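Comments concern the structure below.
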Amino acid sequence: MDRRTALKLIAATPLVFAPSMVRAAEYSDAAWRKAIVIDGLGAPSDPDYVEGRTRYTARGRAELASSGITAINCTVAEPGNIPNAFELAVGGIAELDRTVADNGDLFVKATRAADILAAKRDGKVALVCGFQDTTPIGPQLDRITLFKSLGVRIIQLTYNRRNLCGDGALEAANAGLSTLGHETIAALEKAAVLLDLSHGGQRTIAEAIAASKRPMTISHTGCRDLHDNPRNVRDAELKAMADKGGVAGIFFMPFLAPSGKPTREDLIRHLDHAVNVCGEDHVSIGTDGGTSAIVIDDKMRAEQKKFYEQRAAQGIAAPGEGPDVFNYVGDYNSPLRFRMLADDLTARGWKAARVEKVLGANLMRLWGDSWGG
């Protein structure tokens, strides 16, 4: 989900905390203050957003401050096989740059690990430019260095459909990686841009991991061995990714549960499973959502219906999506979701060091290794 979509789905909704969310803290305040908290795929959002405005409101600022988030991988290019993908990607980068410029006391644009550490020190949120598709690049691989010069640091190989690099998650043929896909991975690694394999077909992911010489990410997914949905990834690929030093992010999405309405128990079950498969050094969070709470009212229902219908018309809606299926974990529908999750994991018996790794330390290591300090 890109920032514009996240803002539209959240705009003008009151901030509501369900009674079940008011819980005694389990994760220590000292550990929380120290933690680097990274959303491996998400978007900063303002509940009082108005179309065309980039300056954050007082409520939006307060939410981000309370969230504890240090950094977010933000999608700046529309995914899918769309016309004018290159031009739209350049425009998306410019939009993020304007947001940072208009909120210099709130955001920094991160292109190296040191920028994220500085954001933590200064109480700001570091925004990382990422793509969820290689369509803006296509066969013109020199565009990778161009986009890197504009600040892009994470590029996802495929979206749900087939592109020139390989098959996405929804392609029944599961044909895997193309010759251009192999060339694109080599070009990304040469440019020190992090490869993301989210939304890939099973063979595409497996072949891309085998072809890669550097660690990669699967920034937002679930565990397919727990719930057989094409947007989730099998244990074999999760393990292969971890064996190469990569990090998988578990999302806050309907694909975690057959009902399409995942609970905190569903999310933690996927996190536990991913840690058991990959090891605690190779798991993170990639919510695939905004930072604000979503309030399900008539306006939100209309927005979700429109959002789904657009995706269905493009052929990119995955099984489990629907006009009345909302992209969140209801128990964590709050700007405080990362702290709430840390409390729940601690209550489950996770040690503080493991919680810290999953909250962001694992991604911090991977991003630093990929881009440099």
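Would you mind working out the accessible area per residue for the chain, using a 1.4 Å probe, and quoting it in Å²?
Here the per-residue accessible area is 37 Å².
Projected onto its three principal axes, the C-alpha set of the stretch 166-273 covers 40, 29, 19 Å, listed from the longest axis down.
3J(HN,Hα) along the stretch 208-224: 5, 4, 5, 7, 6, 9, 10, x, 10, 10, 10, 5, 8, 7, x, 9, 5 Hz, from the Karplus curve 6.51 cos²θ - 1.76 cosθ + 1.60 with θ = phi - 60°, whole Hz, x for Gly and Pro.
Expressed as a fraction of 2.2 N^0.38 Å, the rule-of-thumb size for a compact globular protein of N residues, what is the C-alpha radius of gyration of the stretch 211-303?
On the way: Rg = 14.4 Å, N = 93, 2.2 N^0.38 = 12.3 Å.
Here the Cα radius of gyration is 1.17 times the empirical estimate.
Note on residue 347 and residue 276: the model spin-label points, each 7 Å out from Cα along the C-beta direction, lie 2.1 nm apart. Using a 1.4 Å probe on the protein chains only, how many percent of the accessible area of the stretch 213-252 belongs to carbon and sulfur? Here carbon and sulfur together make up 48 percent of the probe-accessible area. In a GNM of the chain with a 10 Å cut-off on Cα contacts, which of 218, 296, 154 has the highest mean-square fluctuation? With Cα springs under 10 Å in the chain, the top fluctuation among 218, 296, 154 is at 296.
As an equivalent ellipsoid, the chain spans semi-axes of 27, 23, 22 angstrom, where each value is the square root of five times an eigenvalue of the C-alpha gyration tensor, largest first.
So how much slack lies between residue 295 and residue 263, counting 0.36 nm per residue of separation and subtracting their Cα-Cα distance, in nm? Each step should come with its number before you reach the end.
Details: separation 32, 0.36 × 32 = 11.52 nm, distance 1.63 nm.
So the extension gain works out to 9.9 nm.
Roughly how much of residue 182 is accessible, in Å² to the nearest 10, using a 1.4 Å probe? Residue 182 exposes around 80 Å² with every protein chain in place.
Work out how much length residue 62 to residue 210 would gain on full extension: take 0.36 nm times their residue separation and subtract the Cα-Cα distance, in nm to one decimal.
Details: separation 148, 0.36 × 148 = 53.28 nm, distance 4.39 nm.
My answer for the length gained is 48.9 nm.
Taking θ as phi - 60° and the Karplus parameters 6.51, -1.76 and 1.60, the scalar couplings of the stretch 264-274 work out to 4, 5, 5, 4, 5, 4, 5, 5, 4, 5, 4 Hz in sequence order, x denoting glycine and proline. DSSP bridge analysis restricted to the chain gives an antiparallel fraction near 10%, rounded to the nearest 5. When the Gaussian network model of the chain links Cα atoms closer than 10 Å, the mean-square fluctuations of 322, 52, 60 top out at 52. Proximity of backbone amide H atoms, modeled 1.01 Å from N, is registered between residue 126 and 71, 72, 108 at under 5 Å, excluding neighbours fewer than 5 places apart on the same chain.
In this structure the amide hydrogen of residue 223, modeled in the peptide plane, comes within under 5 Å of the amide hydrogens of 233, none closer than 5 places in sequence on its chain.
Only one residue of 106, 45, 31 has its Cα farthest out toward the positive end of the dipole of the stretch 19-143, where Lys and Arg carry +1 and Asp and Glu -1 on Cβ, and that residue is 31. Note on residue 244 and residue 145: their simple-model spin labels are 2.3 nm apart, each label 7 Å out from Cα toward Cβ. Report the residue, chosen from 145, 179, 57, that carries the largest GNM mean-square fluctuation when the chain is represented by alpha-carbon nodes joined by springs under 10 Å. Among 145, 179, 57, the largest mean-square fluctuation in the Gaussian network model of the chain belongs to 179.
The values are calculated or read from the model by the stated rules, or taken from the named source; none is laboratory data. Model, not experiment: these values are computed from the prediction. Note that each Cβ is placed from the backbone with ideal geometry, even for glycine, and that neighbours are counted across all protein chains shown. Note: accessible area is taken over every heavy atom of the protein model, side chains too, but ligands, DNA and RNA are not part of it. Shrake-Rupley method; radii C 1.70, N 1.55, O 1.52, S 1.80 Å.
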